[in-house]
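Below is one structure, written out as structure tokens; the observations come after it.
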Amino acid sequence: QVQLVESGGGLVQAGGSLRLSCTASGSIFSHNAMTWYRQAPGKQRELVAAITTGSSTDGSTLYGDSVKGRFAISRDNAKNTVSLQMTHLNPADTAVYYCNYAALGSAIDYWGQGTQVTVSS
């Protein structure tokens, strides 16, 4: 079992920045991927950013097209924490942001409870 705790959401004006964090605990495998997704009201959940650790993929990142150049994902492996630095936020970024953990090669993944990000115009 893996538990994920997210923090850092809130209300920000357009053009502003926020930093989200997600800390994993429990049975953490050294080769894993931690991913941020988001879901806005009435829309499907979409991938925001992902980062891997372990083996040849260590530190590899992936970003959704809508956040490239504005968001940056990073991780602290010693603390099992992944962070999402969000800049140049706009109202379209308003959503509940979820942290996801998956051991590489495993069909099982885990989700955090979500944190609300609201960007006012």
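Only the coordinates and a few stated rules stand behind these numbers; no lab work does. Keep in mind the model is a prediction, meaning the values are calculated, not measured. Counting neighbours? That spans all protein chains shown, and the Cβs are built from the backbone with ideal geometry, glycine included.
Can you give the relative contact order of the range 81-121 as a percent, counting alpha carbon pairs under 8 Å and 6+ residues apart?
45
Treat every Asp and Glu Cβ in the chain as -1 and every Lys and Arg Cβ as +1, leave all other atoms uncharged, and give the resulting dipole magnitude about the Cα centre to the nearest 20 debye.
Here the chain has a charge dipole of around 160 debye.
Measure off 7 Å from each Cα along the Cα-to-Cβ vector at Ser121 and Ser25, then give the distance between these two points in nanometres to one decimal.
Taking the simple label geometry, Ser121 and Ser25 are separated by 4.1 nm.
Obtain the nm distance between the two label points defined at Asp58 and Leu104 by a simple spin-label model: each point lies 7 Å from its Cα along the Cα-to-C-beta direction.
Each label point is offset 7 Å from its Cα along the Cβ direction, giving 1.0 nm.
Give, in nm to one decimal, the length gained when the segment between Gln3 and Ala72 is fully stretched (0.36 nm per residue of separation minus the Cα-Cα distance).
22.6 nm
What relative contact order, as a whole-number percentage, does the chain give when Cα pairs under 8 Å and 6 or more residues apart are counted?
That works out to 36 percent.
Taking a virtual spin label 7 Å from the Cα of Ala92 along the C-beta vector, which residues in the range 25-46 bring their backbone nitrogen under 18 Å of it?
In the range 25-46, the label zone of Ala92 (backbone N under 18 Å from the point 7 Å along Cα→Cβ) covers 37-46.
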